[in-house]
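Heads up: the structure comes next, in structure tokens.
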Amino acid sequence: MTGTPLTHIQATLEDPRLQAAIYKASGRLMDHRRHAIDPEELPDFQELRTQANLLKRHTIENLDHYLEMFQAQVEAHGGQVLWASDGQQVADFVLELARRKQARLIVKSKSMTTEEIDLRDRLEPQGLETVETDLGEYILQLAGERPYHIVAPALHKTREDVGEIFSRRLGVPLENEPEKQTKIARAVLREKFLAADIGMSGANFLVADSGAVVLVENEGNARMSTTAPRILVAVAGIEKLIPRAQDLAVFLKLLGRSATGQALTVYTSFLSGPRRETEIDGPEEFYVILLDNGRSKLLADPEKRQSLFCIRCGACLSHCPVYRKIGGHSYPWVYSGPIGAVITPQFQGIQAAGWLPFASSLCGACGEVCPVKIELPQLLLELRAEIQKARARHSENRWEKLAFRAWAWVMRHPRIYEMLGMMAGAVLPGASPGDWRERLPRWAARGPLGAWISQRDLPPLPERSFRRVWRERLRAGKS
Amino acid sequence: MPRVSLFVTCIIDQVFPQVGLAMCQVLERIGYTVDFPEAQTCCGQPAFNTGYREEARQVARHFLKVFRDAEHIVVPSGSCTAMIVHHYPGLFANEPRWLEETGRLTPRLWEFSKFLLEVARVEDVGARYDGVVTFHDSCHGLRELGIKEGPRRLLGNVRGLTLREMEPAEECCGFGGTFAVKFPEISGGMGRAKIEAIRSTGAGAVVGIDSSCLLHIGGMLSRAGLDVRTLHLAEVLAQQ
Amino acid sequence: MPREHILHKVRTALGRSVGQAPAPAPAPRLRIPEVDAEARLASFFRRIESLAGKTFHAAAAEEARAYVERVVDGRPAVASNAPFLRECGITGLASVQTGFTAAAELRAACVAAACGITSADYALADTGTLVLLSSPEEARTISLLPAAHLAVVPRRRILTGLDELFSRLERPADQTSSMVLITGPSRTADIEQILIRGVHGPGEIHVIVV
């Protein structure tokens with residue numbers, strides 16, 4: 001991300017085309033979801049949310065047990081499990097594997113986890129061609145950008161953008177028709193699928209009792225990546241575990257509907273190990289890399305560990321009025337929207353991302369739509385309190401803290417509060433709404449008042465506060 | 001005659017006293033005696049939302065003291081009500097005495113429209129308002145207190161009033177407390193989306209249950225030069 | 001060793017010790033609705049059609065064969081080794097190749113094929129889904145590479161939905177390395193949110209129930 005968060009946000013807010021694209025795309029996703037969870041369609045939606053929350057809580061609270069079970073099952077089915085503390089260890093493993101197998105080409109299906117660790121940037125300089133096969137991700141790979149939204153990664157690109165990217169990077173004649181653009185991508189990627197040595201994927205779920213990787217998708221690129229090449233490597237955060245295959249009856253009903261409004265995505269793959277002896281096709285080698293990368297740190301806080309329940313549906317993004325204005329690239333990390341605002345400061349620390357939990361109006365839409373009932377608004381509030389404490393330790397919020405201390409003191413002394421209210425009315429201009437802009441004294445223009453006025457007017461302050469009106473009413477014998 | 005105590009909230013006290021007055025008029029009209037504990041100030045939400053919990057607690061303790069003996073407490077704000085009902089218990093989790101005070105007070109605390117419908121059991125307050133209005137669903141009221149149908153039922157009984165829903169109705173106006181001044185560009189952007197939705201209804205007024213939202217929406221409408229007024233629900237119901 | 005390191009961090013964070021038994025898991029939630037066979041078939045077809053899939057109800061194997069023949073229309077096609085396809089006479093059709101047991105030959109045939117013909121182990125009525133388990137009878141590539149996928153399914157395999165599937169198939173991993181749920185033709189909306197079919201998987205789906 002270039003520039004400070006604020007410059008990027010400002011640029012996004014000032015781009016009407018981008019604003020319209022974000023708004024329309026997220027609006028569509030919200031509508032689709034609403035239809036899919038309608039009581040006529042899915043009468044037990046709320047019950048399923050509760051069950052999903054219970055299952056995730058149980059799994060996370062007993063994570064070591066399920067991690068070990070998962071590994072044992074994968075191995076029992078002829079696969080291998082690797083453990084990686086960070087992105088470099090993932091890359092090291094893949095590079096070593098590629099070297100041993102003399103692999104040159106990797107095809108990859110969509111995985112936020114691999115974005116998180118910049119996997120391609122670690123592999124490509126070492127001579128390993130790594131091709132994104134999800135259409136949106138492929139477009140972005142060619143453009144050199146990162147995803148804009150979890151389920152709609154290229155929502156900020158027009159067909160003209162795509163045409164230009166394809167013609168420039170693939171050397172094909174300029175084509176602006178999405179149907180034809182898709183055919184171009186299909187042909188190019190098909191060659192890659194069939195020539196690839198290694199297929200890589202993420203995991204929507206890891207199933208502990210089966211040693212299985214579950215992938216949901218609409219295009220077929222995950223199936224291709226996990227069927228055609230000889231070797232399959234799945235990378236997944238340790239929090240992706242669910243206890244049993246049977247629990248998919250709960251999670252699969254929530255994921256598609258919350259993400260795109262689909263009862264089920266076109267393909268759901270349940271992959272447990274390399275091809276069995278009597279099976280005809282499928283990979284011969286199966287590796288699952290379990291990634292920590294800071295997740296074990298989040299586990300330590302009993303309140304905030306629910307951030308790890310996330311099943312990456314993207315619903316909180318689509319419903320967040322802030323996301324809908326500033327878009328995915330305004331967030332400092334690959335995870336954007338409310339879930340990004342909650343986990344980024346925990347992963348990256350307060351210096352890097354302390355502003356993020358404050359960039360929210362706390363409207364609560366995110367918590368309302370989260371399929372696994374993560375209390376996102378509550379977590380934002382907790383993070384705000386923690387961040388202020390941390391800032392206080394470094395004296396970074398000295399003035400603001402002092403201001404609130406003073407404010408709290410005033411609020412405990414009603415007569416002082418009343419007096420200050422009267423003074424404010426006298427000192428600040430009580431003119432008509434628009435006049436505030438001109439008549440605001442210089443010293444006030446830089447602070448909160450100036451910030452308010454930059455966007456909207458203020459009404460004239462009333463002559464008498466309510467309590468004065470009340471007293472007059474009493475005197476006049478009205479009550 | 002049954003008694004209610006008003007917690008008018010700092011914003012209505014200082015910026016929109018007419019809302020407090022309207023609330024009194026409506027409550028008296030339906031047969032309540034209204035009192036106003038003068039030591040009241042604020043519920044503590046601004047400090048709490050900004051992450052200053054200790055300061056919020058100080059103000060909250062003052063609130064609990066002031067309203068300790070009130071029979072019913074009526075509040076013309078969803079966000080203040082939600083602050084007290086939903087967040088005070090967490091704030092005082094480690095202070096048993098104040099936790100108990102909170103527990104004793106919250107069952108007696110009501111947001112204004114909920115008080116009318118669920119305690120006073122009144123849906124028609126004999127109001128008259130000639131005009132087309134639209135309604136803004138304030139986030140805290142909507143999502144934390146379930147306030148959606150209630151105000152619409154009350155407005156439905158106001159003679160002469162036509163209600164036109166805005167699309168989308170449930171999207172945040174962009175106020176969000178200190179968010180409005182910490183991230184003014186985003187807040188303004190959200191506000192502009194909201195007033196566009198309001199403008200599209202052709203209504204002459206937007207009605208809501210939270211004056212903080214209305215302050216922000218009103219400011220946006222004025223800056224955009226749109227001739228739409230903001231009215232608190234109490235103000236509409238007070239009209240005859 | 002990263003494994004020990006990570007497990008140690010996880011246990012410390014959770015306050016759990018090595019080998020400590022987990023808390024009892026919430027019971028699996030499987031609710032199988034009562035839906036009669038007629039309604040199941042109707043729902044199954046309705047769902048597939050709403051996804052732009054084609055459906056056909058064959059009164060007998062012969063009709064299924066005729067339908068497939070019509071769609072294949074003499075173009076190269078690959079059929080899986082599912083016994084049901086043989087029973088329906090589909091494997092005997094002119095341009096249909098079958099009997100593959102080696103991955104390389106199968107792939108070559110699928111690359112050249114216009115149609116892939118399979119059966120299905122189960123079908124889900126409430127979502128219009130085909131469930132295929134990889135086995136000597138059903139290879140994965142056939143329902144994936146060719147541009148059209150035809151599935152010929154005996155009616156009795158239509159279940160009500162996911163809950164019934166996982167009630168019958170508690171642990172798919174015991175039987176197969178790959179179970180895939182197919183719900184409609186391949187699609188994307190990645191460019192300007194415009195819906196386009198047939199991205200990498202088949203863009204055309206025909207489901208024939210006998």
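Here are a few things to note about the model shown:
- For segment A:232-253, a residue qualifies if it is outside any helix (DSSP H, G or I) and either not basic (K, R) or not assigned by TED's automatic domain parsing to the domain that holds A:A208 (or both), and the qualifying residues are A:L232, A:V233, A:A234, A:V235, A:A236, A:G237, A:L241, A:I242, A:P243.
- Checking each residue in segment A:277-308 for being among the charged types (D, E, K, R) and either part of a strand (DSSP E or B) or in contact with a Pro (Cβ under 6 Å, 6 or more places away or on another chain) (or both) picks out A:E284, A:E285.
- Unmet requirement for A:F93, which otherwise passes all of (1) within 24 Å of the chain's Cα centre (by Cα); (2) within 22 Å of A:L206 (Cα to Cα): (1)
- Residue within segment A:382-402 that is touching a residue at least 24 places away in the same chain (Cβ under 8 Å) and in contact with a Pro (Cβ under 6 Å, 6 or more places away or on another chain) present: yes
- Candidate set from segment C:4-32 (those that are closer than 30 Å to C:E164 by Cα and facing chain A (nearest Cβ under 7 Å)); member that is surrounded by the fewest Cβ atoms within 10 Å (Cβ to Cβ): C:A23
- Being surrounded by fewer than 24 Cβ atoms within 10 Å (Cβ to Cβ), more than 10 Å from every other protein chain (Cβ to nearest Cβ) and not hydrophobic (A, V, I, L, M, F, W, C) is a condition met by at least one residue of segment A:187-194.
- Given (1) in the same structural domain as A:L252 (by TED's automatic domain parsing); (2) crowded, with 24+ Cβ neighbours inside 10 Å; (3) aromatic (F, W, Y), index of the condition A:Y323 fails: (1)
- Look at (1) more than 9 Å from chain B (Cβ to nearest Cβ); (2) touching a helix residue (DSSP H, G or I) at 6+ places or on another chain (Cβ under 6 Å); (3) at positive phi and you find that A:G349 fails only one, number (2).
- Within segment A:1-55, tally of residues that are part of a helix (DSSP H, G or I) and within 30 Å of A:Q246 (Cα to Cα): 19
- A:I106 touching a Cys at 6+ places or on another chain (Cβ under 9 Å), more than 10 Å from every other protein chain (Cβ to nearest Cβ) and touching a residue at least 60 places away in the same chain (Cβ under 8 Å): no
- Scanning segment B:1-21 for residues being within 15 Å of A:R468 (Cα to Cα) and either surrounded by 24 or more Cβ atoms within 10 Å (Cβ to Cβ) or hydrophobic (A, V, I, L, M, F, W, C) (or both) gives a total of 13.
- Counting only helices (runs of 4 or more DSSP H) that sit completely within segment C:17-131, zero hold 1 or more residues that are β-branched (V, I, T), over 21 Å from the mean Cα position of the chain (by Cα) and closer than 21 Å to C:H200 by Cα.
- Check on A:P274, more than 14 Å from A:I150 (Cβ to Cβ), assigned by TED's automatic domain parsing to the domain that holds A:P5 and assigned to a loop (DSSP other than H, G, I, E, B): no
- Pairs are defined by a Cβ separation below 6 Å, a sequence spacing of at least 6 or placement on different chains, a first member in segment A:55-80 that is under 17 Å from A:L291 (Cα atoms), and a second member that is assigned to a helix (DSSP H, G or I) and of a type in the set (F, W, Y); the pairs so defined are A:T59/A:Y66.
- The one condition from (1) among the basic types (K, R); (2) farther than 30 Å from C:A21 by Cα; (3) assigned to a helix (DSSP H, G or I) that A:K110 does not meet is (3).
- Residue within segment A:68-80 that is under 28 Å from A:G327 (Cα atoms) and part of a helix (DSSP H, G or I) present: no
- Of the criteria (1) part of a helix (DSSP H, G or I); (2) at pLDDT 95 or above; (3) touching a Cys at 6+ places or on another chain (Cβ under 9 Å), which one A:G421 fails: (2)
- Segment C:139-150, subset buried (at least 24 other Cβ atoms within 10 Å of the Cβ) and more than 7 Å from every other protein chain (Cβ to nearest Cβ), residue nearest to the chain's Cα centre (by Cα): C:S143
- Among the residues of segment B:169-206, those identified as in contact with a His (Cβ under 8 Å, 6 or more places away or on another chain), assigned to a helix (DSSP H, G or I) and facing chain A (nearest Cβ under 7 Å) are B:A180, B:S187, B:G191.
- For segment C:151-194, the set of residues classified as assigned to a loop (DSSP other than H, G, I, E, B), more than 10 Å from every other protein chain (Cβ to nearest Cβ) and not β-branched (V, I, T) consists of C:P154 only.
- Counting the residues of segment B:58-81 that are under 19 Å from B:I147 (Cβ atoms) and surrounded by fewer than 24 Cβ atoms within 10 Å (Cβ to Cβ) gives 2.
- Residue within segment A:392-405 that is modelled with pLDDT of 95 or more, more than 8 Å from chain B (Cβ to nearest Cβ) and in contact with a Lys or Arg (Cβ under 7 Å, 6 or more places away or on another chain) present: no
- Filter pass, A:L298 being of a type in the set (A, V, I, L, M, F, W, C) and surrounded by 24 or more Cβ atoms within 10 Å (Cβ to Cβ): no
- Residues in segment C:162-202 that are closer than 22 Å to A:R257 by Cα and among the charged types (D, E, K, R): C:D163, C:E164, C:R187, C:D190, C:E192, C:R197.
- Selection count, segment C:197-210, where residues are surrounded by fewer than 22 Cβ atoms within 10 Å (Cβ to Cβ) and either at the interface with another protein chain (Cβ under 8 Å from one of its Cβ atoms) or under 18 Å from A:A249 (Cβ atoms) (or both): 1
- For segment A:271-320, the set of residues classified as more than 7 Å from chain C (Cβ to nearest Cβ) and of a type in the set (S, T, N, Q) consists of A:N293, A:Q306, A:S307, A:S318, listed by residue number.
- Subset of segment A:343-382 (residues that are under 18 Å from B:H140 (Cα atoms) and among the polar types (S, T, N, Q)): A:S360, A:S361, A:Q378
- Of the helices (runs of 4 or more DSSP H) entirely within segment B:1-100, those holding at least 1 residues that are within 24 Å of B:G218 (Cα to Cα) occupy B:10-14, B:17-29, B:45-49, B:78-82.
- Selection within segment B:135-147: residues that are under 13 Å from the mean Cα position of the chain (by Cα) and among the charged types (D, E, K, R). The member of this set that is farthest from the other protein chains (Cβ to nearest Cβ) is B:D137.
- Restricting attention to segment B:148-168 and to residues that are among the charged types (D, E, K, R) and in a loop (DSSP other than H, G, I, E, B), the residue that is farthest from the other protein chains (Cβ to nearest Cβ) turns out to be B:R164.
The values are calculated or read from the model by the stated rules, or taken from the named source; none is laboratory data. From a predicted model like this one, the values you see are computed outputs, not experimental measurements. Because the Cβ atoms are built from the backbone with ideal geometry, glycine has one as well, and the counts that use them run over all protein chains shown.
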